[in-house]
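Taking it in order: structure first as structure tokens, then the write-up.
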Amino acid sequence: MPEEKKTKKSDKKEEKKKINIKPGMTVKVHEKIKEKNVKGVEKERIQIFEGIVLTHKHNKEIGNTITVRKIASGVGVEKIFPINSPLITKITPIKQAKVSQAKLGYLRNSKKKLKETKI
């Protein structure tokens, strides 16, 4: 039985490596979150963060990260996700925008919409 768990974990890591994440992609990041309620019982749930990838840093290294930005209630929210973290369960690409730069910091200030194609 422990062998089955090891294969599942290795499959998840391989699945994360197969996804080619590029700046300009709209992605859904599934993240595990642990919460305590009033009684002190700890619960674990999965929260989905959907937004556009601004940067993808340290491409082939262990500590590679992506910066994802979304607009929530008129306020811009950015999160930095380490791709190899055990808290990240799944990353699913939705759309790919046509971009000409590797770092999309200019999207923080611009109001323009990017031309996107579904994947």
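The numbers here are math on the coordinates, done by the rules we state, and not lab data. Bear in mind that the values here come from a model prediction, so they are computed numbers and not experimental data. Neighbour counts are summed over all protein chains in view; Cβ atoms, including those assigned to glycine, are modelled from backbone coordinates with ideal geometry.
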Label region 2-118 by shape, choosing from rounded, prolate and oblate, from the square roots a ≥ b ≥ c of the eigenvalues of the Cα gyration tensor; if a/c is under 1.5 it is rounded, and otherwise prolate applies when a/b is larger than b/c, oblate when it is not.
-> oblate
Net charge over other residues, Cβ less than 11 angstrom from the Cβ of Glu78 (K, R count +1; D, E count -1) | +4
So, in Å, what gap is there between the alpha-carbon centers of region 46-60 and region 76-119?
-> 6
Taking other Cβ within 10 Å of each residue's Cβ, how do Leu114, Leu104 sort, fewest first?
-> Leu114, Leu104
What is the local net charge at Lys103, summed over the other residues whose Cβ is closer than 14 Å to its Cβ (Lys, Arg +1; Asp, Glu -1)?
-> +3
